[in-house]
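Undergrad: I have a structure I would like to understand better, so I am pasting it below and will then ask my questions one at a time.
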Amino acid sequence: MAPASDKLEALLQRLERTGAEPARLDSIRCAQQFKRSWIELAGKLVELRKSRSYEAWGFDDFHRYCAEELQLRRATVDKLTISFSTLERVAPQVLTWDGVAKTIPSYEAVDYLGRAMGLPPVGDDGEAKPRRRDEPAQPRELIKEVRSAVFDEGQTVAELRKRFDPVLWPKPKGAEKLELLIKAGSLARKLAEVLTEIDGLSEKRAASIEQALGGLRQELDALAEPLREKLARGQDRGQDRGQARGKKRASAERN
């Protein structure tokens, strides 16, 4: 299968020969330069989503156009457009950076900032959707620190997650233990599946190991089940508290 870059180059040459619209050619060129400047591509995508120009090019859906013509997955397109909209709302000056004097943060890092701030997603019309009332706002000083890490320190999304996830989205007690049990069960299942593919391993030994792994998975499941129930109850209580806060806030706003 030809890489996406080759497909884009071939498509660009073909459309140039047939006299395609400049806006369509610009979109493909921006997709080619994606690794160097995601902001250019994201801005073009936001513009196309609003204008719906892709409909004149034979595409009835924005994401289908992005997938088939620009070779961009839906998840990537959504992150790009959301990150661009985040910059427009909270740091428009970054849109003027040249990437040399000041490094442009990755779209993943900007997306992380948007989620930390609790910014509502942007709809297909380019307008921000209403924010859920049960979403608690993060402390202002914490958001200021995340902003600095993104725009001043240029931290990657992996560094941001390691640094801020435990504070922004702390895991409930027992969650890490449950994750470990699930991971161990998955590894035991995978090992049992490959036993039959190992040349030279006797059937007796394979059967013995498979039986032991089956017993291990049952024991792990037994340990995990009460943790699942406990975490589910905690999540339900958290949602109830969030809804109560939302109703209280809405009542205060009406009054």
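The values are calculated or read from the model by the stated rules, or taken from the named source; none is laboratory data. What you see is a predicted model; the values in this text were computed from it and never measured. Cβ atoms come from the backbone with ideal geometry, glycine included; neighbour counts cover every protein chain shown.
Undergrad: Conditions first: (1) of a type outside the set (Ser, Thr, Tyr); (2) within 21 Å of ILE104 (Cβ to Cβ); (3) assigned to a helix (DSSP H, G or I). LEU72 passes all but one, so which condition is the exception?
TA: (3)
Undergrad: Name the residues in the stretch 7-44 that are outside any helix (DSSP H, G or I) and either modelled with pLDDT of 90 or more or more than 13 Å from LEU70 (Cα to Cα) (or both), would you?
TA: THR18, GLY19, ALA20, GLU21, LYS35, ARG36, SER37
Undergrad: Based on what the data block shows, is ILE82 of a type in the set (A, V, I, L, M), assigned to a helix (DSSP H, G or I) and at pLDDT 90 or above? Talk me through it step by step, then tell me what you get.
TA: Values: of a type in the set (A, V, I, L, M): yes; assigned to a helix (DSSP H, G or I): yes; at pLDDT 90 or above: yes.
The answer is yes for ILE82.
Undergrad: Taking into account only those residues within the stretch 129-144 that are under 17 Å from THR86 (Cα atoms) and surrounded by 14 or more Cβ atoms within 10 Å (Cβ to Cβ), which is modelled with the highest pLDDT?
TA: Filtering the stretch 129-144 for residues that are under 17 Å from THR86 (Cα atoms) and surrounded by 14 or more Cβ atoms within 10 Å (Cβ to Cβ), the one modelled with the highest pLDDT comes out as ILE143.
Undergrad: Can you spot a residue in the stretch 169-177 that is surrounded by 15 or more Cβ atoms within 10 Å (Cβ to Cβ) and part of a helix (DSSP H, G or I)?
TA: For the stretch 169-177, residues surrounded by 15 or more Cβ atoms within 10 Å (Cβ to Cβ) and part of a helix (DSSP H, G or I): absent.
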